[in-house]
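One structure is given below, encoded as structure tokens.
The values are calculated or read from the model by the stated rules, or taken from the named source; none is laboratory data. Note that the structure is predicted; figures quoted are calculated from it, not measured. Quick reminder, even Gly has a Cβ in these numbers, built from the backbone with ideal geometry, and neighbours come from all protein chains shown. The accessibility values were calculated without ligands, DNA or RNA, using every heavy atom of the protein model including side chains. Shrake-Rupley method; radii C 1.70, N 1.55, O 1.52, S 1.80 Å.
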Amino acid sequence: MSELLIIKRAMLHRNFIAFKNEFSEQTYQYLLDRSEQLAAQLLENESDLKSATVAMLIPADSDFVCVQWAIWRAGGIMLPLCLSATQPEWEYSLSDSNTSIVITTQELKHEISDLCNKLKVRLLIIESHHAKKEIVLPAIKSTRPAMILYTSGTTDKPKGVLTTHANIEAQIESLVAAWKWQASDRIPLFLPLHHIHGIINVICCAMWSGALVEPFARFDIHAITNRVRQDAYTIFMAVPTIYVKLIQMLESTEKDRRDPIIAGFKNMRLMVSGSAALPATVHDTWFNLTGQKLLERYGMTEIGMALSNPYDGERRPGSVGKPLPGVNIRLKSDSGKFIEVENEPGEIQISGPGIFKEYWNRPQITSESFDEEIWFRTGDMAVIEHGYYRIMGRLSTDIIKSGGYKLSALEIESTLLQHPHISECAVVGIEDETWGEAVAVAVVLKEATALKLEEFREWCRARLSVYKIPKHLVTVAALPKNAMGKVVKKEVNTLFKQSK
Ligand code: MLC
Ligand code: AMP
């Protein structure tokens, strides 16, 4: 049987511990056996899922990897759902991706079973134990599609980013080499598992290397720092908001309790920040607190990780370093010329084996996203300074990065327009010390109506994930004309400054 590379890698580490929490631990052999049995359940009487989409609503523990590998080994495409998404958001992902099976746990099944009935999608509940069944798994070529991740952008609804096994393998191999992953590594996992940061950079790199993952259901700062204090980890990967929260927590903790936590951070061999800009002040404060120089890197769902400060060598605050192994990069100026010199800004374009295959069911948008068919246009601007790339911002003001999540202003606007009191609205990201950017909305109300922030946020809760809900609201008599335009969104931004 010809197995995928990630499975072959796991076979090299059969007896190592792959996952561990307070109560239990699981070896790589366990993951291999369980994923094989789950693959049998998925296949029923078929010999290959033939690239059917299988959505997974699975908490961040060893079962996540068992299900992920089961889908892959059975020939399916995995679509990890955001555990905290709302029903309309799940419905959109399942329908847009033509999902044929949803796989979940006993505990979570009630949350999604009605939706599966409505959409006539098979619902498979994983059991904690099942009898071992002999099974022949299909041979999976690495060119076959492996994963769909939904990502927001400059269209009003999120798009499914489809990657193949070969894309994923290239992304993993690049990071394993650059950051020197080893079987002796131990990493906490607290990032959500519907994005590449958690899936590729943490889980897949660890599983490839025979390392140990300690999962947490959420970013539980006290539980995690308690384990840091016990020197539980060698690597730590987080978004800038998490470092801001850790700094706030450490600065308000008494010395006796704080010092052992700081020692735990100091002892790690690598601490990485990414998914959003890490302010140089946060980089410096973290270094002064812990003696650790955070390694900042830049990536994107469509391309994996592209740029990174070095493992050995200067880690420069405010910069994202140089291209990772296997990544080709060029900068294209507004006028369409390729930039050959330092200090001239241009849009980052990336090519290489890690680049995604296509936006699911969107051939037109896919082809418009590439220059010369192979150079992916990221929409991020950068400049090279003394040999290192520095990210300058995005071409579109309709994209917001909050807490490391990429949000589409247009998607949020189209939901908010369903509010019975709102006749027009413009969503912008405004600078925020903790979240990087916070979602803010300027609304024009219908006649004789009013809107209070807390009630409005409550209304949003049933429709939008928590990180998409506006933190700031201002009501205005009229929006600047064409509020969606780049220049005019700047005016909306100044409205917020005035309203403070
Ligand atoms: C949550 N809250 C927010 C918010 N998110 N407020 C403003 N802006 C936001 N973005 C509020 C909630 O309403 C709640 O308020 C309170 O904060 C706690 O909510 P929470 O969900 O419990 O927060 P917390 O667990 O602390 O979440 C913070 C976080 C999370 C940083 C852990 O945002 C996170 O996991 N971010 C990572 C996302 C990620 O992995 N991105 C990678 C994408 S891939 P109240 O009032 O109810 O208490 C990618 C490519 C690459 O970008 O390069 O990696
Ligand atoms: P996503 O689409 O969720 O994968 O988010 C990718 C986007 O995150 C990129 O296009 C960048 O805008 C942003 N990003 C990731 N890493 C960094 C970084 N280190 N600095 C600035 N922006 C970043």
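Tabulated data for the structure shown
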read-out: All strands (runs of 3 or more DSSP E) inside region 3-74 with 1 or more residues being open to solvent by 30 Å² or more (accessible area, probe 1.4 Å); value: 17-20, 25-27
read-out: Subset of region 285-310 (residues that are over 28 Å from Thr366 (Cα atoms) and open to solvent by less than 50 Å² (accessible area, probe 1.4 Å)); value: Thr285, Trp286, Leu289, Thr290, Gly291, Gln292, Leu294, Leu295, Glu296, Asn309, Pro310
read-out: Residue count for region 175-198, restricted to those that are open to solvent by less than 10 Å² (accessible area, probe 1.4 Å) and not acidic (Asp, Glu); value: 6
read-out: Qualifying residue in region 420-427 (condition: of a type in the set (A, V, I, L, M, F, W, C) and closer than 25 Å to Gly299 by Cβ); value: yes
read-out: Scope region 363-379; condition among the charged types (D, E, K, R) and within 12 Å of Glu347 (Cβ to Cβ); matching residues; value: Asp371, Arg377
read-out: In region 426-436, residue nearest to ligand 1 (Cβ to nearest atom) [restricted to those that are without any contact (Cβ under 8 Å) to a residue 60 or more places away in the chain and acidic (Asp, Glu)]; value: Asp432
read-out: Of all residues in region 227-244 being among the polar types (S, T, N, Q) and more than 16 Å from ligand 2 (Cβ to nearest atom), the one that is surrounded by the most Cβ atoms within 10 Å (Cβ to Cβ); value: Thr234
read-out: Candidate set from region 132-182 (those that are aliphatic (A, V, I, L, M) and assigned to a loop (DSSP other than H, G, I, E, B)); member that is nearest to Lys322 (Cα to Cα); value: Ile140
read-out: Among the candidates Ile374, Ile355, residue that is open to solvent by 50 Å² or more (accessible area, probe 1.4 Å) and β-branched (Val, Ile, Thr); value: Ile374
read-out: Restricting region 261-282 to residues that are in contact with an Asp or Glu (Cβ under 9 Å, 6 or more places away or on another chain) and open to solvent by 20 Å² or more (accessible area, probe 1.4 Å), the residue that is farthest from ligand 2 (Cβ to nearest atom); value: Ala263
read-out: Members of region 400-412 that are open to solvent by less than 20 Å² (accessible area, probe 1.4 Å) and either away from ligand 1 (no atom under 16 Å from the Cβ) or part of a strand (DSSP E or B) (or both); value: Ile400, Ser402, Leu407, Ser408
read-out: Of all residues making up region 319-351, the number that are small (Gly, Ala, Ser) and open to solvent by less than 30 Å² (accessible area, probe 1.4 Å); value: 5
read-out: Hits in region 249-284 (condition: of a type outside the set (Ser, Thr, Tyr), out of contact with any Pro (no Cβ under 7 Å at 6 or more places or on another chain), within 19 Å of Trp179 (Cα to Cα) and assigned to a loop (DSSP other than H, G, I, E, B)); value: Asn267, Met268, Arg269, Gly274
read-out: Every residue from region 11-30 that is touching a residue at least 60 places away in the same chain (Cβ under 8 Å) and within 21 Å of Lys133 (Cβ to Cβ); value: Tyr28
read-out: First in region 192-218 and closer than 18 Å to Val67 by Cα and modelled with pLDDT under 95, second anywhere and of a type in the set (S, T, N, Q) and open to solvent by 10 Å² or more (accessible area, probe 1.4 Å), Cβ under 7 Å, 6 or more apart; value: none
read-out: Identity of the residue in region 465-489, part of a loop (DSSP other than H, G, I, E, B), at pLDDT below 90 and open to solvent by less than 50 Å² (accessible area, probe 1.4 Å), that ends up farthest from Thr151 (Cα to Cα); value: Val476
read-out: Any hit, region 245-256, residues being buried (at least 22 other Cβ atoms within 10 Å of the Cβ) and over 18 Å from the mean Cα position of the chain (by Cα); value: yes
read-out: Failed condition for Ala448, given (1) over 26 Å from Val320 (Cα atoms); (2) surrounded by fewer than 20 Cβ atoms within 10 Å (Cβ to Cβ); (3) in contact (Cβ under 8 Å) with a residue 24 or more places away in the chain; value: (3)
read-out: Members of region 196-215 found to be within 19 Å of Arg297 (Cα to Cα), within 14 Å of ligand 1 (Cβ to nearest atom) and out of contact with any Gly (no Cβ under 8 Å at 6 or more places or on another chain), listed by number; value: Gly198, Ile199, Val202, Ile203, Cys204, Cys205
read-out: Which numbered condition Gln68 misses (of (1) closer than 30 Å to Val466 by Cβ; (2) at pLDDT below 95); value: (2)
read-out: Given (1) without any contact (Cβ under 8 Å) to a residue 40 or more places away in the chain; (2) part of a strand (DSSP E or B); (3) surrounded by fewer than 16 Cβ atoms within 10 Å (Cβ to Cβ), number of the condition Met392 does not satisfy; value: (1)
read-out: Residues of region 372-399 classified as within 11 Å of ligand 2 (Cβ to nearest atom) and acidic (Asp, Glu), total; value: 1
read-out: Candidate set: region 414-445, residues that are more than 29 Å from Pro240 (Cα to Cα) and polar (S, T, N, Q); chosen: the one most open to solvent (accessible area, probe 1.4 Å); value: Gln418
